[in-house]
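Right, one structure below, let's go through it.
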Amino acid sequence: MLNDIKKDAQARMNKSIESLRHDLTKLRTGRATTALVDHLKVNYYGSDMPLTQVASVVVSDARSLTITPWEKQMVSAVEKAILGSDLGLTPNTAGTVIRINIPALTEERRKDLSKVVHSNGEDSKVAIRNIRRDANQQVKDLLKEKAITEDDERGSADEIQKITDKAIKDVDEVVKAKEQELMAV
């Protein structure tokens, strides 16, 4: 019973960390990555489809992406999706190939993005602490039901705290790595 609570807490904390990693891949760092456009939706015959399902996206060099729609008539729809997105990037079209040049980030923009990274990290830490609180509450409920002893409760609280400390350390490492990526010129 206690092991299930701990495993559940650990799994939920790991999901929070993975969610943070996923969110941070969408941040533009001045380096080309296909993750920049993964979330874009393209109007494909009346329905919104993920860009990756209507075109191939390739990193052609450190500062540019090449998008090749599988159907010729999709070029304008893909362009509209890129222009309408929050990326702030302008597509250059040559026939059926769309190129996106990613400009270098200014120092001010790097600092702004650094603040966003910190904010996302703090949100993840809050989520992890909430998971810890829930797990501790489940253990206390078991104690009230007399399903476990007070010693079991104290030991479980210590183990849950260790799991939490490790998860928060992992969040700090993810945030630090992303900041280093941002600040690299």
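Restricting to region 6-31, what's the tally of residues that are open to solvent by less than 20 Å² (accessible area, probe 1.4 Å) and either closer than 30 Å to LYS146 by Cα or free of Cβ contacts under 8 Å to residues at least 60 places away in the same chain (or both)?
Here the count works out to 2.
Give the number of residues within region 142-184 that are over 18 Å from GLU18 (Cβ atoms), open to solvent by 60 Å² or more (accessible area, probe 1.4 Å) and out of contact with any Lys or Arg (no Cβ under 9 Å at 6 or more places or on another chain). Before you say what the answer is, go through the steps one by one.
If we filter region 142-184 for residues that are over 18 Å from GLU18 (Cβ atoms), which is where we start, we get 142-162, 165, 179-180, 182-184.
Subsequent filtering for residues that are open to solvent by 60 Å² or more (accessible area, probe 1.4 Å) retains 144-146, 149-152, 154, 158-159, 161-162, 165, 180, 183.
Narrowing further to those that are out of contact with any Lys or Arg (no Cβ under 9 Å at 6 or more places or on another chain): 144-146, 149-152, 154, 158, 162, 165, 180.
Counting residues in region 142-184 that are over 18 Å from GLU18 (Cβ atoms), open to solvent by 60 Å² or more (accessible area, probe 1.4 Å) and out of contact with any Lys or Arg (no Cβ under 9 Å at 6 or more places or on another chain) gives 12.
Kindly establish whether ILE67 is within 24 Å of VAL97 (Cβ to Cβ) and open to solvent by less than 20 Å² (accessible area, probe 1.4 Å). Write out each step before concluding.
Details: within 24 Å of VAL97 (Cβ to Cβ): yes; open to solvent by less than 20 Å² (accessible area, probe 1.4 Å): yes.
Against the criterion (within 24 Å of VAL97 (Cβ to Cβ) and open to solvent by less than 20 Å² (accessible area, probe 1.4 Å)), ILE67 qualifies.
Does region 12-31 contain at least one residue that is more than 30 Å from LYS169 (Cβ to Cβ) and among the small types (Gly, Ala, Ser)? Can you show your working first?
The initial filter retains those residues of region 12-31 that are more than 30 Å from LYS169 (Cβ to Cβ), namely none.
No, because not a single residue in region 12-31 is more than 30 Å from LYS169 (Cβ to Cβ) and among the small types (Gly, Ala, Ser).
Restricting attention to strands (runs of 3 or more DSSP E) lying wholly within region 53-110, give those where 1 or more residues are modelled with pLDDT under 85. Give the steps one after another, and end with the answer.
Values: elements: 55-61, 64-69, 91-94, 97-101.
Ranges flagged: 55-61.
If I filter region 43-52 down to residues being over 21 Å from the mean Cα position of the chain (by Cα) and part of a strand (DSSP E or B), which single residue comes out as nearest to GLY84 (Cα to Cα)? Please lay out each step first, then the result.
Filtering region 43-52 for residues over 21 Å from the mean Cα position of the chain (by Cα) gives 43-48.
Filter again for part of a strand (DSSP E or B), leaving 43-44, 47-48.
Values: ASN43: 12, TYR44: 15, SER47: 16, ASP48: 13 Å.
So, considering only residues that are over 21 Å from the mean Cα position of the chain (by Cα) and part of a strand (DSSP E or B), the one nearest to GLY84 (Cα to Cα) is ASN43.
Has region 127-136 got at least one residue that is of a type in the set (A, V, I, L, M, F, W, C), at pLDDT below 85 and not in a strand (DSSP E or B)? I'd like the intermediate steps shown before the answer.
Of region 127-136, the ones of a type in the set (A, V, I, L, M, F, W, C) are 127-128, 131, 135.
Remaining after also requiring at pLDDT below 85: none.
No, region 127-136 contains no residue that is of a type in the set (A, V, I, L, M, F, W, C), at pLDDT below 85 and not in a strand (DSSP E or B).
Would you pick out the residues in region 88-126 that are of a type outside the set (Val, Ile, Thr), within 30 Å of LYS169 (Cα to Cα), in contact (Cβ under 8 Å) with a residue 12 or more places away in the chain and open to solvent by less than 60 Å² (accessible area, probe 1.4 Å)?
Residues satisfying the conditions are LEU105, ARG110, LEU113, SER114, ASN120, GLY121, SER124, LYS125.
Can you go through VAL75, VAL42, VAL37, VAL57 and tell me which one is crowded, with 17+ Cβ neighbours inside 10 Å and within 30 Å of VAL126 (Cα to Cα)? If you could, list the steps in order and put the result at the bottom.
Details: VAL75 fails: within 30 Å of VAL126 (Cα to Cα); VAL42 fails: within 30 Å of VAL126 (Cα to Cα); VAL57 fails: within 30 Å of VAL126 (Cα to Cα).
Exactly one of VAL75, VAL42, VAL37, VAL57 is crowded, with 17+ Cβ neighbours inside 10 Å and within 30 Å of VAL126 (Cα to Cα), namely VAL37.
The values are calculated or read from the model by the stated rules, or taken from the named source; none is laboratory data. These numbers were taken from a predicted model, which means no experiment stands behind them. Note that each Cβ is placed from the backbone with ideal geometry, even for glycine, and that neighbours are counted across all protein chains shown. Calculation scope for accessible area: heavy atoms of the full protein, side chains included, ligands and nucleic acids excluded. Shrake-Rupley method; radii C 1.70, N 1.55, O 1.52, S 1.80 Å.
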